[in-house]
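The values are calculated or read from the model by the stated rules, or taken from the named source; none is laboratory data. Note that the structure is a prediction, hence the values are computed from the model and not measured. Methodologically, a virtual Cβ is constructed for each residue, glycine included, from the backbone with ideal geometry; neighbour enumeration extends over all protein chains shown. Side chains included, ligands, DNA and RNA excluded: accessible areas come from the protein's heavy atoms. Shrake-Rupley method; radii C 1.70, N 1.55, O 1.52, S 1.80 Å.
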Amino acid sequence: MTRTVVIVAVASAAVACAATAYLVSMRIRNRKYWNRSLAILQEFQSECTTSLFRLRQVVDAMTVEMHAGLASEGGSKLKMLLTYVDNLPTGDEEGLYYALDLGGTNFRVLRVQLGGPEGRVLRQEYEEVSIPSHLMVGSNEDLFDYIALELSRFVESEGENYHPKPGRDRELGFTFSFPVKQTSINSGYLIKWTKGFAIPDGVGKDVVQALHDAMKRRGLAMRVTALVNDTVGALAGARYWNEDVMVAVILGTGTNACYVERAEAITKYHGESPRSGSMVINMEWGNFWSSHLPRTIYDEDLDAESLNPGEQGFEKMVSGMYLGDIVRRVLLKMAEDSFLFGTEVPANLYKPNILRTPDISKMHQDESADLREVAKVLKSILGVSSTPLKVRMLVVELCDLVAERGARLAAAGIVGILKKIGRDGSCLSNRSKCDQGEGRHTTIAMDGGLYEHYPKFRKYLQETVAHLLGEEIAANVSVELSKDGSGIGAALLAASHSQYVNT
Ligand code: ADP
Ligand code: MG
């Protein structure tokens with residue numbers, strides 16, 4: 001062997017040894033980092049656990065807060081707003097009614113011809129109109145003039161098969177999904193604009209009055225007989241078909257619930273007694289809070305960086321606007337602390353709300369063996385390609401934890417309401433408490449994109465309601481999707497609160 005050959009051989013042996021040592025150390029390091037990711041997941045899991053024991057505490061807290069919110073103004077984080085809806089539709093309503101739904105950048109106008117108990121909804125039609133952006137930040141008068149203009153156009157297009165009663169004004173239910181302090185079934189003043197609206201001279205004004213004034217300027221003879229929010233509309237829309245409906249829950253971008261309460265239970269009620277001895281209460285449950293809610297550091301950060309820190313605590317753990325961002329926050333922690341997506345943290349992972357709830361539902365429900373959908377979402381949203389299968393599995397597990405917690409908390413909220421109205425079976429041990437509903441069937445009407453389009457979320461929610469209630473009681477309770485009831489619901493409330501109905 002020549003000298004050079006020997007040197008080369010020794011050198012290459014050394015390189016090979018070093019390379020092996022490097023690979024071994026990388027593997028050990030990779031395993032260490034992987035274990036770190038798993039540890040972050042486990043820690044998150046244990047902090048957001050929703051054992052039945054803990055959920056029962058949430059159920060009780062919901063009931064307690066409902067009592068407090070009903071007893072006095074500001075008595076609870078639950079506002080428990082009076083809606084003045086004391087006459088839910090029964091199916092007997094007859095005639096032509098309109099509805100207007102304003103709650104975002106579009107509004108909907110709708111008309112329905114009701115045919116009483118036999119005919120029911122004879123026909124209906126609606127139109128969607130978008131609001132020019134300059135009107136969302138202009139003057140109150142300009143906004144309502146525009147709405148009245150579009151409404152009068154819609155009324156003009158009324159066909160022969162719709163029958164307004166001669167000599168009567170047309171009547172309208174107004175779904176207005178902004179914070180309102182209601183003063184009667186058809187009056188209420190705006191507390192503040194949200195969702196991109198900023199019209200300073202509208203705040204503090206009666207929104208029904210503003211609409212009436214604009215309709216008058218247009219020469220449109222129409223009366224608003226019911227002012228409601230989308231949750232109350234959903235309750236009315238479902239109740240029209242099914243008198244067992246006592247509760248409505250919206251699970252969409254945000255979340256809210258309303259239910260039918262006995263008049264005697266509403267001690268802060270100062271007006272005349274409700275006609276039917278009961279009234280719908282708008283809980284504004286997105287703002288519910290209890291120390292029993294399983295909150296993690298990720299929830300705290302999300303809240304601190306949100307537009308409304310300290311508010312809507314329940315909503316931030318449950319609703320579609322937030323679930324995706326909770327997942328993103330945990331993934332970011334894993335990427336930073338343990339290189340889950342490689343040595344560099346994907347830049348998009350730093351962007352709030354980049355991972356949306358529909359994305360996590362897509363990943364969560366990926367049934368393919370190699371988790372193809374997960375890979376696709378990670379690629380398209382975070383720009384990470386070729387993730388190992390175990391990383392994809394971990395992502396799915398994380399989506400599952402976040403969705404499961406949200407769904408189970410919503411279920412506990414629902415059971416809290418059932419408990420408040422004596423339909424959770426707890427009265428069975430004390431018969432005198434069973435006055436309202438023992439043995440009666442109760443239906444909870446659900447609406448909103450999160451509930452509708454996320455089957456695993458829906459399943460967790462339904463199962464948890466049943467677990468919390470127990471088999472016997474659960475047989476008398478159903479949770480049912482009631483799609484888009486809120487539009488027609490407002491028209492039905494315009495009918496049941498008609499100024500021409502004898503009270
Ligand atoms: P909104 O609550 O804005 O009135 P929707 O009731 O239609 O409107 O709900 C829309 C919300 O539903 C979205 O913001 C999203 O969070 C959620 N969502 C929509 N599609 C899905 C989906 N496929 N999976 C999970 N959540 C979804
Ligand atoms: Mg909605």
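Some points to look at:
- Magnitude of the charge dipole for the chain, about its Cα centre and with charges confined to Cβ atoms of Lys, Arg (+1) and Asp, Glu (-1), is about 1700 debye.
- Rolling a 1.4 Å probe over the protein heavy atoms gives the chain an accessible area of 45 Å² per residue.
- Listed cross-link partners LYS351/LYS420; LYS192/LYS316; LYS195/LYS456; LYS379/LYS456; LYS333/LYS483 are compared with a 30 Å cut-off, the Cα-Cα value being larger for LYS351/LYS420; LYS333/LYS483.
- Computed over the chain, the per-residue total of -39500 (n - 2.57) for DSSP H runs of n ≥ 4 gives a 222 nm mean residue ellipticity of -14000 deg cm²/dmol, rounded to 500.
- Fully extended contour minus Cα-Cα distance, from ARG29 to GLN57, at 0.36 nm per residue: 5.8 nm
- Full extension of the chain between GLU311 and GLU141 yields a length gain of 58.1 nm, computed as 0.36 nm times the residue separation minus the alpha carbon distance.
- Sequence ranges 97-105, 405-413, 206-214, ranked by mean other-Cβ count within 10 angstrom, highest first: 405-413, 97-105, 206-214
- Surface accessible to a 1.4 Å probe, MET26 within the full protein complex, Å²: 50
- Summing Lys and Arg as +1 and Asp and Glu as -1 over all other residues whose Cβ lies under 13 Å from the Cβ of PHE53 gives a net charge of +2.
- Cα lying deepest toward the dipole's positive end in the chain, options ALA410, PRO117, ILE360, charges on Cβ: ILE360
- Accessible-area composition of the chain, carbon plus sulfur, in percent [1.4 Å probe]: 51
- Potential lengthening between GLU463 and ARG372 on full extension [0.36 nm per residue; Cα-Cα distance subtracted]: 29.9 nm
- Using a Förster distance of 51 Å, the FRET efficiency for ARG36-ARG440 (Cβ separation, nearest 0.05): 0.45
- Taking every protein chain into account, the 1.4 Å probe leaves VAL501 with about 60 Å² of accessible area, to the nearest ten.
- On the basis of the beta-carbon distance and an R0 of 30 Å, ARG168 and TRP241 show a calculated FRET efficiency of 0.70.
- If both residues of a DSSP beta bridge must be in the chain, then about 60% of such bridges are antiparallel.
- Between the residues TYR98, ASN161, GLY204, the greatest Cα displacement towards the positive end of the dipole of region 84-228, with unit charges on the Cβ of Lys, Arg, Asp and Glu, is found for GLY204.
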